[in-house]
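The next block holds one structure in the form of structure tokens; read it before the comments.
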Amino acid sequence: MFKETYRKEAQQRLRSAVDKYENVCKCLQDAAASLYQKRVKRGVETIKLCESYINTLANSPKEFSKVIAELKFQLKEITGKDWELIDANTNKNFVAGSTAGAGLVAGAGVAFLGPTAAMAFATTFGTASTGVAISSLSGAAATNAALAFLGGGALTTIGGTGMAGGSALLAMAGPVGWAIGGAALASSGLFLEHENKKIGKEANSRAFEIEGLIPKVNASKQEVELIEKETIRLADLISSEIQYFQKNAPKDYPGFSQPFKERLGVLINSIHALSQSLKKTVNLKL
């Protein structure tokens, strides 16, 4: 009787741990999707705002054009698409995915979102099998590396399911494949009603392992949210400064006073900082 009670309590602990783990992982996935949306949306807005201003500023400094080009390049790195294509699709689903914000994945069909959803998670967390951050890759190489990351292996099928597995996880189990799934646990034998002591011990061991992952997932989510806040802060700062220059500064850069030139230098540094922010990733230590 004691062993049976021990088994049932251990099984219930495992069920509870799995439920909590899947919930925090879903929150982390939503945070990654939201970050990706913000990066693309605010990046596009910033580029258009800067280009609109620079077109009205005669003899603008080369450094200004250089940081705008840098921001375009970083957008290409995280989307795998050239600026012309990004610009053409600004008001389409490529940027928004879904008007539900963090509901990027749930709000649209996986068939349509495929590579975009893969990039959202892999550019936030991933490192390609070569050891290179996926956010530093571009185009097909980035998408392939993202899918391989989701599949848990190299671009080939060695050491994991690779690109094919990444596509399958994206379609079936959700990005990054974190969901443990009650069916998988049920088939593992941990919820059988015999060998009470053995099963109770194994269930407790699995529960302990999963419980230990929960705070790590939550910590990763907080890191993702901090990067999103930084993205928004920088984009808002740049927008505010552009509006200031449009209203107050001369239309010819040589006519700028020293304070205006120094303030423009701060603006240029802020645009560079936004570009660098797009490259940041979160190291999942799970």
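None of the figures in this text is laboratory data; all of them are computed from the coordinates on show. For clarity, every value in this text was computed on a predicted model and none was experimentally measured. Heads up, the Cβs are rebuilt from the backbone with ideal geometry, glycines too, and the neighbour counts pull from every protein chain shown.
Remarks
- In order along the range 222-235, phi translates into HN-Hα couplings of 5, 5, 4, 5, 5, 5, 5, 4, 5, 4, 5, 4, 5, 5 Hz, rounded to whole numbers, per the Karplus curve 6.51 cos²θ - 1.76 cosθ + 1.60 with θ = phi - 60° and x for Gly and Pro.
- The alpha carbon centroids of the range 13-44 and the range 241-286 are separated by 31 Å.
- For the range 48-54, putting each phi into the Karplus relation 6.51 cos²θ - 1.76 cosθ + 1.60 with θ = phi - 60° gives couplings of 5, 5, 5, 5, 4, 6, 5 Hz, in residue order, rounded to whole numbers and with x for Gly and Pro.
- Mean projected area of the Cα convex hull of the range 22-88, taken over all directions, amounts to 5.3 nm².
- Per-q log10 I(q)/I(0), the range 228-286, q = 0.27 Å⁻¹ (Debye; single scatterer per alpha-carbon; no solvent): -1.09
- For the range 212-257, diffusion coefficient by Stokes-Einstein and Kirkwood Rh (Cα), 4 °C, 1.567 mPa s, µm²/s: 96
- Once both labels are positioned 7 Å from their Cα atoms along Cα-to-Cβ, the gap between GLN243 and ILE54 label points is 2.2 nm.
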